[in-house]
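Values in this text are rule-based calculations from the coordinates and carry no lab data. It should be emphasised that the depicted structure is a prediction, and the values quoted were computed from it without experimental measurement.
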Amino acid sequence: MMRSPLDVLLGRYAGLDRRQITRRTVPCFKNVLEGDAEQLQLCVLVDGLWLYRWPHEDAPIGRDLTLKSKLLQGQMEHLRLREFQPGLCRYVRPRDHALSA
């Protein structure tokens, strides 16, 4: 999706202001259970309530404001995590369930 010239001038990404995006998202590391393996993954805490796994490990988390705006708008629900023990997370909708739904 292309940004309009007005969005570029105003510093908006997917309709959200740059300051609003950076204020509402916090990067963190969590242990994520995927199948039988537990791995330390880069995650994003949104509004202090919802935890999402960062989908691109090689992309810098501070620079990709477009992806963060998609997290804020709820377009990346398949990456949502829940913490069931301190520091240990698993997907709210596991991949096999998300593909069948």
* Structure fact -> Karplus ³J(HN,Hα) for region 46-57 (6.51 cos²θ - 1.76 cosθ + 1.60, θ = phi - 60°; Hz, whole; x = Gly/Pro) runs 10, 6, x, 10, 10, 10, 10, 7, 6, x, 10, 5
* Structure fact -> Counting all Cα-Cα pairs in the chain, those more than 17 Å apart amount in percent to 54
* Can you list the residues, at least 5 places off or on another chain, whose amide H is less than 5 Å from the amide H of Val92, using H built in the peptide plane? -> Arg80, Leu81, Arg82
* **Choice from Leu67, Leu51, Leu33 with maximal GNM fluctuation in the chain (Cα, 10 Å cutoff)** => Leu33
* When the helix-only estimate is applied to the chain (DSSP H runs of n ≥ 4, each -39,500 (n - 2.57), divided by the residue count), what is the mean residue ellipticity at 222 nm, nearest 500 deg cm²/dmol? -> -6500 deg cm²/dmol
